[in-house]
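J.: Before we start, here is the structure in question, set down as structure tokens.
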């Protein structure tokens, strides 16, 4: 059974966009509440806050998508590992979540031609978890990742507009 | 007789065909504004991958810029909390 936290089957029918927006806004709320209690306004503090907002955006989107995509799993696992290193949250065993294993690319010329290029290598570095995927999965994950990134940008832009009024 | 465990659980990806790759590349092509606007059918896979990498990088830069802007907005306004509540209501 997938952990409920990452399962999308128990959620009511909402879109990825609305789940991301709600999750991200809650994260902003927490960041803002901590800012109000903190007295320092140093450049280091500002830099930390920017990084927290950025991480919150990525993690909120990955949470909205859930564990059904390899790229979102990679982001969520990275977050858990980072929290584990800070000692704040215990890292849960993710053994129930299917892992993308490196598969042998069954040769046909087109696949090898595409897979071996430096563009493919660059793409693997840009897509979260991309280095463990074979070419077929990488392209599918990339398409979904781009759609979600675009949604993320649009929602963040809209929130910035609302906050600046 | 050794029973071989199938390594792939998704039957569609056990053998990667030309058609699957082409299908995915054309799907990416539809998502990329640069290539979509050109309306050219003769875009190579390597070209699509390069444009994809460029597009993802530009999206990452936008996210960085918006994160910076949002963190400044949080710092500058006292009514950020109220604005966040308003946004929550709008987005629900």
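Derivation of every value follows stated rules applied to the coordinates shown; laboratory data play no part. This structure is a prediction, so every number in the text was calculated from the model and none was measured. Neighbour counts run over all protein chains shown; Cβ positions are idealised from the backbone, glycine included.
J.: What average number of partner chain Cβ atoms lie no more than 10 Å from the Cβ of the residues making up A:121-127?
T.: Mean partner-chain Cβ count within 10 Å for A:121-127: 4.
J.: Moving on. Is there a simple number for the mean count of other chain Cβ atoms within 10 Å of the Cβ of residues in B:55-65, and what is it?
T.: 5
J.: If you take each beta carbon of peptide A:56-66 and count the beta carbons of other chains within 10 angstrom, what is the mean?
T.: Mean shielding count: 1.
J.: Let me ask something else about it. Return B:67, A:72, B:58 ranked ascending by Cβ neighbour count within 10 Å, so the fewest neighbours appear first.
T.: B:58, B:67, A:72
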